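**Q** For reference, the structure I am asking about is given below.
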Amino acid sequence: MNNTVIDAHNISRVYNPETIPVYAINNVHLHLEKGEFTALVGPSGSGKTTLLNLIGGLDKPDSGHIIIGGTDITSLRANELINFRLHNIGFVFQSFNLIPVLTARENVEFIMLLQKVKRKERDKRVIQLFKQIGLEDKMNNRPVQLSGGQQQRVAVARALASKPQFVLADEPTANLDSAAAFNLLDIMAKLNKEENTTFIFSTHDQRVIERAKRVITLVDGKITADTAAVPLTNHKLIVT
Amino acid sequence: MWLLKMAWKNSWRNRNRTIITMAAIFFAVILSVITGSLQDGIFDNLVKNMVSYYSGYIQVHKTGYWDEQILDNSFASGKITEQAILRHENITGLTSRLESFALASSENLTKGCLVAGIDPDNENRITNLKDKVVAGTYLYENDKSVLLSKGLAGRLQLNTGDTVILIGQGYHGATAAGKYPVKGIVQFGSPDLNDRVLFMPLPAARELYGAEQMLTSYVISLRDPARLATTAERLQLAIGNELHVMTWEEMMPDVKQHITTDSNNMKIIQGILYLLICFGIFGTLLMMMVERKYEMGMLVAIGMRKIKLIGLLMAESVFTLLSGCALGILCSVPLVFHLNRHPLRIGGETAEIYKRFGFEPIFPTSTDAIHFVSQGLIVFCIGLLLSLYPLYKVVRLNAVTAMRK
Ligand SMILES: Nc1ncnc2c1ncn2[C@@H]1O[C@H](COP(=O)(O)OP(=O)(O)OP(=O)(O)O)[C@@H](O)[C@H]1O
Ligand SMILES: [Mg+2]
């Protein structure tokens, strides 16, 4: 059985090619398997967000191909791409993930409504997800009535609600205090362990990096290190 | 369905903004309904005043009379024609006239005048002539006396009880001459009428001109003046080619012209009003788009098709517009009806001019349903048109750019 989730070949993304070209991503290869729990690290401006946008189908590479679950997303048209994201990729952004006028529950349901999931199935899944993120009692709160950490947990639930091939999170803990950040990471790690959910997230936070199974380091748009991060004291270099 | 629910919730996400937008729409509808209905009301009133003065809404003449207003272009009155005219449901009354010219003389003065042979009862029903009597008394059908307009009486230095001598040309070239006691004086606001009209009962006029059975015109009043044109058309069909139907618009083109010019001015005022609403609505739309740019980017990022997002925004606009327009129409109805029952009174010089013409100096509103419907619809469409701007923005939206801080 093929366990490949993401297969990115030789991708580049150049900003301002006409004036002063910025090689935000420069000839990157990336391979991600089902069940990974991978951190993307690197200094500010190294291209983490750009890379995540590319593999998330939010942005198109200037060259190279990105294959997700067998589909070459670089060849999809705009509308097909939106639809592809809906069914295949879960997103957790740094902040403001939720629609302010909807309750936490409605926010999670929203993605399933877009997917035209039946009511019964939706209800079942919502309950299950809120149990997993430990917020059953806050389901009917509006986002403003939740703490930042709780909002991010709801965002994780929403990302999972669509049963995506993988969840992509760009600095999900950047706006959280460390307790909330650990809590979010715990939940993500638990989902990864119990449900084999694939996560790839970018971060600056050393303690978050330590929780990852694999750490990919970007510098100036290139992958400079790709290590298995467990155990912490015994880094093992896989690819460079 | 869930999209509509979400749109409803979104419409209230920024209560103040929604209320401002709704209020702008609300006042726009009210103001434009009132300007529209006031404009029509004023003109309807003006026309009513003008036509009930002398001309009536519609007149019937022998074909050709209007171009050459002489007795030889008169026609024989007939019960059948009168019944055919009165059969039309929009016609409330009819009076017969025999009009011609004559020289009117007192002892040592002579002036040209318009002799109107009238049916006193029916004439009064349509033009309220009796109310205009300022001295003496009104005419009876069998009187052999006349009413002089005040200006004419003054020029001839005649008073009630005096005698006026009329000389003119009768039917088919006969000579018309007679002596008549002045039974009363009538006053008109219009100098044109006040200086030259003389009324006498129809039988006396026919005798004077030797025009037995003849008429120059039927003067007709209407129930619903708005249906002037169609009524005139139907009437023409009913009475055949021998006779010609004319509306007041054809008989008094200058009045019609004045109204057209004035309503164009009103349209400019309404245009400015619409422009103000445009800015109001557009401002709030701009604010909304800036405020929600990130969120829209996020929605598209997680997989919401743009067409759905457009539907959502459209539904939000329709909610706001519909409630604003509905409220506006709802509140303008009692307002317009109130201003119809208790019209605005005008003062100053304009009022004096109105009074001089014998018109009441009031500005009533028209309560025609068309004003509410059309103004409501216009404002709604303007709003809808403006809400194309956010849609355009959504079509061009790029999730990554929209979400960048
Ligand atoms: N829209 C853009 N136009 C021009 N240059 C851009 C654009 N977006 C990103 N860049 C540049 O591309 C490079 C990579 O940016 P990116 O946002 O991917 O970095 P990052 O690793 O996510 O940084 P951070 O840790 O600060 O979030 C940077 O040099 C940035 O200035
Ligand atoms: Mg970044």
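**Q** List pairs: first residue in segment B:253-271 and aliphatic (A, V, I, L, M), second residue at pLDDT below 80 anywhere in the structure, Cβ distance under 8 angstrom, at least six positions apart or on different chains.
**A** Listed pairs, sorted by first residue: B:V255/B:M50.
**Q** Looking at A:N175, A:N196, which is the one that is in contact (Cβ under 8 Å) with a residue 60 or more places away in the chain, closer than 25 Å to A:F84 by Cα and either out of contact with any His (no Cβ under 6 Å at 6 or more places or on another chain) or away from ligand 2 (no atom under 16 Å from the Cβ) (or both)?
**A** Just a single option satisfies the conditions, and that option is A:N196.
**Q** Would you confirm whether any residue within segment B:270-279 is over 31 Å from the mean Cα position of the chain (by Cα), among the aromatic types (F, W, Y) and within 14 Å of another protein chain (Cβ to nearest Cβ)?
**A** no
**Q** Being farther than 18 Å from A:E109 by Cα, touching a strand residue (DSSP E or B) at 6+ places or on another chain (Cβ under 7 Å) and small (G, A, S) narrows it down to one residue among A:A169, A:A159; which is it?
**A** A:A169
Residue by residue, here is whether (1) assigned to a loop (DSSP other than H, G, I, E, B); (2) surrounded by fewer than 18 Cβ atoms within 10 Å (Cβ to Cβ); (3) out of contact with any helix residue (DSSP H, G or I) (no Cβ under 9 Å at 6 or more places or on another chain) holds:
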{"site": "B:L139", "(1), (2), (3)": "yes, no, no"}
{"site": "B:L158", "(1), (2), (3)": "yes, no, no"}
{"site": "B:I167", "(1), (2), (3)": "no, yes, yes"}
{"site": "B:Y180", "(1), (2), (3)": "no, no, no"}
{"site": "B:K183", "(1), (2), (3)": "no, no, yes"}
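**Q** Further question on the same structure: So which helices (runs of 4 or more DSSP H) are wholly in segment B:307-405 and hold at least 1 residues that are within 30 Å of B:K293 (Cα to Cα)?
**A** Of the helices (runs of 4 or more DSSP H) lying wholly inside segment B:307-405, those with at least 1 residues that are within 30 Å of B:K293 (Cα to Cα) span B:369-386, B:388-395, B:399-403.
**Q** Output yes when any residue across segment A:66-89 is surrounded by 15 or more Cβ atoms within 10 Å (Cβ to Cβ), in a strand (DSSP E or B) and within 16 Å of ligand 2 (Cβ to nearest atom), and no when none is.
**A** no
**Q** Filter segment A:21-58 down to the residues that are within 15 Å of ligand 1 (Cβ to nearest atom), over 13 Å from A:R214 (Cα atoms) and among the small types (G, A, S) and list them by number.
**A** A:A24, A:G42, A:S44, A:G45, A:S46, A:G47, A:G56
Residue by residue, here is whether (1) surrounded by 15 or more Cβ atoms within 10 Å (Cβ to Cβ); (2) at pLDDT below 90; (3) within 16 Å of ligand 1 (Cβ to nearest atom) holds:
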position: A:N141; (1), (2), (3): yes, no, no
position: A:V156; (1), (2), (3): yes, no, no
position: A:P164; (1), (2), (3): yes, no, no
position: A:E171; (1), (2), (3): yes, no, yes
position: A:A179; (1), (2), (3): no, no, no
position: A:K213; (1), (2), (3): yes, no, no
position: A:I216; (1), (2), (3): yes, no, yes
position: A:N234; (1), (2), (3): no, yes, no
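Residue-by-condition table, conditions (1) among the aromatic types (F, W, Y); (2) away from ligand 1 (no atom under 16 Å from the Cβ); (3) open to solvent by less than 20 Å² (accessible area, probe 1.4 Å); (4) out of contact with any strand residue (DSSP E or B) (no Cβ under 9 Å at 6 or more places or on another chain):
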{"site": "B:P361", "(1), (2), (3), (4)": "no, yes, yes, no"}
{"site": "B:T367", "(1), (2), (3), (4)": "no, yes, no, yes"}
{"site": "B:V379", "(1), (2), (3), (4)": "no, yes, yes, yes"}
{"site": "B:L391", "(1), (2), (3), (4)": "no, yes, no, yes"}
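**Q** List the residue pairs whose Cβ atoms are under 8 Å apart, where the first residue sits in segment B:179-204 and is closer than 18 Å to B:T127 by Cα, the second is open to solvent by 10 Å² or more (accessible area, probe 1.4 Å) and of a type in the set (D, E), and the two are 6 or more positions apart or on different chains.
**A** B:M200/B:D143; B:P201/B:D119; B:P201/B:E141; B:P201/B:D143; B:L202/B:D119; B:L202/B:E141
**Q** Could you grab me the full set of residues in segment A:27-61 that are more than 12 Å from ligand 2 (Cβ to nearest atom), away from chain B (no Cβ under 14 Å), crowded, with 17+ Cβ neighbours inside 10 Å and more than 29 Å from A:E194 (Cα to Cα)?
**A** A:V28
**Q** Give segment B:357-402 a look and list any residue that's within 14 Å of another protein chain (Cβ to nearest Cβ) and either at pLDDT below 90 or under 19 Å from B:I269 (Cα atoms) (or both), or say none.
**A** Within segment B:357-402, no residue meets the criteria.
**Q** Would you check if there is a residue in segment B:83-99 being closer than 16 Å to B:V146 by Cβ and open to solvent by 10 Å² or more (accessible area, probe 1.4 Å)?
**A** Yes - at least one qualifying residue is present in segment B:83-99.
**Q** Hey, another quick one. What residue, among those in segment A:110-123 that are within 10 Å of another protein chain (Cβ to nearest Cβ) and touching a Ser or Thr at 6+ places or on another chain (Cβ under 9 Å), is farthest from B:L299 (Cα to Cα)?
**A** Looking at the filtered set, the residue picked out is A:Q115.
The values are calculated or read from the model by the stated rules, or taken from the named source; none is laboratory data. Since the structure is predicted, the reported quantities are computational estimates derived from the model, not experimental observations. So basically every Cβ, Gly included, is an ideal-geometry build from the backbone, and we count neighbours across all protein chains shown. What goes into the accessible areas is simple: the full protein's heavy atoms, side chains included, and nothing from ligands, DNA or RNA. Shrake-Rupley method; radii C 1.70, N 1.55, O 1.52, S 1.80 Å.
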